[in-house]
Amino acid sequence: MDMSFEEKSVWIQLFSLVVGLGGYLVVAGLMLSNGVSALPPFVPVFAVAVVLIVAVNIAGHVVAAITNRSDEADERDRLIGCRAESGSSWILGVGVIGAILSLILSVGGVWVAHLLLISLFGSEVTKDVLQIAYYRRGI
Amino acid sequence: MTQSGISIRNQIRTLRFHHGEMTQQKLADQVGVTRQTVNAIEGGKYSPSLEVAFRIAHVFGKPLEEVFQYVAASRVTATNS
């Protein structure tokens with residue numbers, strides 16, 4: 001596939017998010033289903049996920065920079081970024097509103113934290129998918 | 001780009017041919033965008049900003065309307081019927 005450095009960067013971010021945060025959410029789901037209801041046990045798992053995301057991002061960008069020209073983002077990249085952002089940011093907004101409502105309804109902190117994480121994950125993945133769609137199908 | 005019945009066509013491929021088969025990369029370097037953006041413009045997948053459109057026309061030494069043509073959908077329909 002003929003991709004600019006920016007498009008490759010989006011693929012790398014998407015992959016790192018799915019592997020890192022997606023993996024965390026699977027593990028966290030298993031922990032929650034096993035009755036873990038306090039936040040501290042989730043912290044080391046989340047730390048591993050963050051390290052994984054950063055490591056995959058760095059390694060991916062190094063490989064992308066070595067294998068092709070690392071052109072600066074141009075107007076098309078910026079427009080695609082803006083459109084994807086405006087098409088995905090509502091997901092995080094819904095998550096934040098949901099978290100506030102959960103707090104009002106006295107839902108446990110562990111559930112509120114994960115609602116926020118899921119909405120952040122959903123928002124970022126949607127943004128990346130939209131960007132890739134705009135790169136492939138045109139804007 | 002075809003969007004809501006509006007189509008902007010371009011002659012970039014032909015103009016590159018008439019300029020010694022200029023590569024997309026060379027045009028992109030002179031215009032200040034990526035090669036993939038030139039490819040997207042050429043293929044009708046992206047309508048450039050006015051500034052980039054003028055820069056492309058300037059590289060070929062042509063007026064803007066010889067590089068890009070605006071064709072409204074109603075005109076296309078009328079022409080075809």
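Observations on the structure shown:
- Between A:Ala47 and A:Ser106, the FRET efficiency from the beta-carbon distance, with R0 = 22 Å, is close to 0.20.
- Cα gyration tensor category, rounded, prolate or oblate, for segment A:1-114 with a/c compared to 1.5: oblate
- For A:2-10, mean number of other protein chain Cβ atoms within 10 Å: 2
- Across peptide A:74-81, the mean count of Cβ atoms from other chains lying within 10 Å of each residue's own Cβ comes to 5.
- For segment A:26-31, Karplus couplings with θ = phi - 60° (6.51, -1.76, 1.60), whole Hz, Gly/Pro x: 5, 5, 4, x, 5, 5
- Total charge dipole magnitude, chain A, about the Cα centre, Cβ charges on Lys, Arg, Asp, Glu only, Debye to nearest 20: 300
- Calculated FRET efficiency, A:Val19 to B:Glu51, Cβ-Cβ distance, R0 = 45 Å: about 0.70 to the nearest 0.05.
- Note on A:Arg137 and A:Ser86: the model spin-label points, each 7 Å out from Cα along the C-beta direction, lie 1.7 nm apart.
- For the peptide B:27-36, the mean number of other protein chain Cβ atoms found within 10 angstrom of a residue's Cβ is 4.
- Summed over both chains, the accessible area lost when A and B associate is about 1300 Å², using a 1.4 Å probe.
- The packing ranking, built from the mean of other Cβ atoms within 10 Å per residue, places the peptides B:43-56, A:93-106 in the order B:43-56, A:93-106, highest first.
- When Rg and the Kirkwood Rh are both derived from Cα coordinates, the Rg/Rh ratio for the protein assembly as shown amounts to 1.13.
- Taking θ as phi - 60° and the Karplus parameters 6.51, -1.76 and 1.60, the scalar couplings of segment A:14-23 work out to 4, 4, 5, 5, 5, 5, x, 6, x, x Hz in sequence order, x denoting glycine and proline.
The values are calculated or read from the model by the stated rules, or taken from the named source; none is laboratory data. For clarity, every value in this text was computed on a predicted model and none was experimentally measured. Please note: Cβ atoms are built from the backbone with ideal geometry, for glycine as well, and neighbour counts cover all protein chains shown. To get the accessible areas, we keep the full protein, side chains included, count just its heavy atoms, and leave off ligands, DNA and RNA. Shrake-Rupley method; radii C 1.70, N 1.55, O 1.52, S 1.80 Å.
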